[in-house]
Amino acid sequence: MRWIEKTRRSLLEILYPGLCLCCGQALLFQSTLRFPICTSCQNALLPITGHRRCAVCSIPLISELELCSRCSKRDFAFESNFSVYEYRGPIRQIISQFKFSNRRSLARFVAHVLELELAGRFRGMPIVPIPGSRGSVRRRGWDPMLEVARALKRDAGIPAFPQLVRRSGGAQKGLQYRARLENLSGRVELKRGARQLPQRVVLIDDIFTTGATADECARVLRRDGVKKVFVLTLSVDM
Ligand SMILES: [Zn+2]
Ligand SMILES: [Zn+2]
């Protein structure tokens, strides 16, 4: 009887295949996939490799220096950022689908990628999701990184402190670091009645661009007594 069930499932897949959220191809015969991303797109995701990375922002370096030219001029409130991918190719498509095409189900995929790094680099440390602005959360109806934090808590038992909020203001996109910092200044705050935060936490986000958002979030957390803030992001936009 098992072959009947198998045939039925295969027929159903041909008739009603899901689509890969990255390339749009039908997910034929790929019912074992954990995420709606086809195997060739998953294989095309290339993590940043090589040993030489900027010790602060995580971009690959070709020189012998420890910091990139940007980070050598800045003093961030966080210790360092670690990004898994460069913000291009399939990961860019996945982030766009997740945030701008409302594919909430991709939160589990983002959580899965971050979980591997949390287990390896930040074992035992709780996470704080970088919040979307109130306006964007209201428009979308949900907050992408809060969704990822929930998935990490549910699927991997990682303690999450979703305690930051971000008031709406001008968009960050297209602004340089200084302008971004000024734009954000005073707009990130702790939720009222927030729990006491641990001494060391990991901020999580999808893209690390200038570091201004992570910096402002880290400032707020440190003002509240957190000693060390690390940042873990899915990708870095270089
Ligand atoms: Zn695909
Ligand atoms: Zn750097």
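FYI, it's all coordinate maths here, none of it is from the lab. Note that the structure is a prediction, hence the values are computed from the model and not measured. Here the Cβ positions follow ideal geometry from the backbone for every residue, glycine too, while neighbour counts run over all protein chains shown.
Distance check, please: which entries in Lys73/Lys153; Lys6/Lys153; Lys191/Lys228; Lys173/Lys227 exceed 26 angstrom between their Cα atoms?
The answer is Lys73/Lys153; Lys6/Lys153; Lys173/Lys227.
Report the relative contact order of segment 38-128, percent, no decimals, based on alpha-carbon pairs under 8 angstrom and at least 6 residues apart.
Here the relative contact order equals 22 percent.
Identify the trypsin sites (Lys or Arg not before Pro) of segment 47-101 meeting these criteria: DSSP loop state and at most 14 other C-beta atoms within 10 Å of the C-beta.
Answer in residue order: Arg52, Arg88.
Just want to confirm a number: the relative contact order over the chain, from Cα pairs under 8 angstrom separated by 6+ residues, in percent.
In percent, rounded to a whole number, it is 21.
Under 14 Å from the Cβ of Arg200, count the other residues' Cβ atoms, weight Lys and Arg +1, Asp and Glu -1, and hand me the total.
+3
Rounded if a/c is under 1.5, else prolate if a/b beats b/c, else oblate: with a ≥ b ≥ c from the C-alpha gyration tensor eigenvalues square-rooted, which is the chain?
prolate
Please arrange Trp3, Trp142 by how many other C-beta atoms lie within 10 Å of their C-beta, fewest to most.
Trp3, Trp142
Toward the positive end of the charge dipole of the chain, about the Cα centre and with charges on Cβ (Lys, Arg +1; Asp, Glu -1), which of Ala218, Leu33, Leu232 goes farthest?
It is Ala218, whose Cα lies furthest towards the positive end.
Would you mind ranking Ser168, Ser133, Ser80 by Cβ crowding within 10 Å, fewest neighbours first?
The most exposed by this proxy come first: Ser168, Ser80, Ser133.
As I understand it, the value is the acute angle between the Cα axis of helix 90-100 and the longest principal axis of the Cα atoms of the chain; what does it come to in degrees, rounded to 10?
Taking the Cα atoms of the chain, the angle to 90-100 is about 80 degrees.
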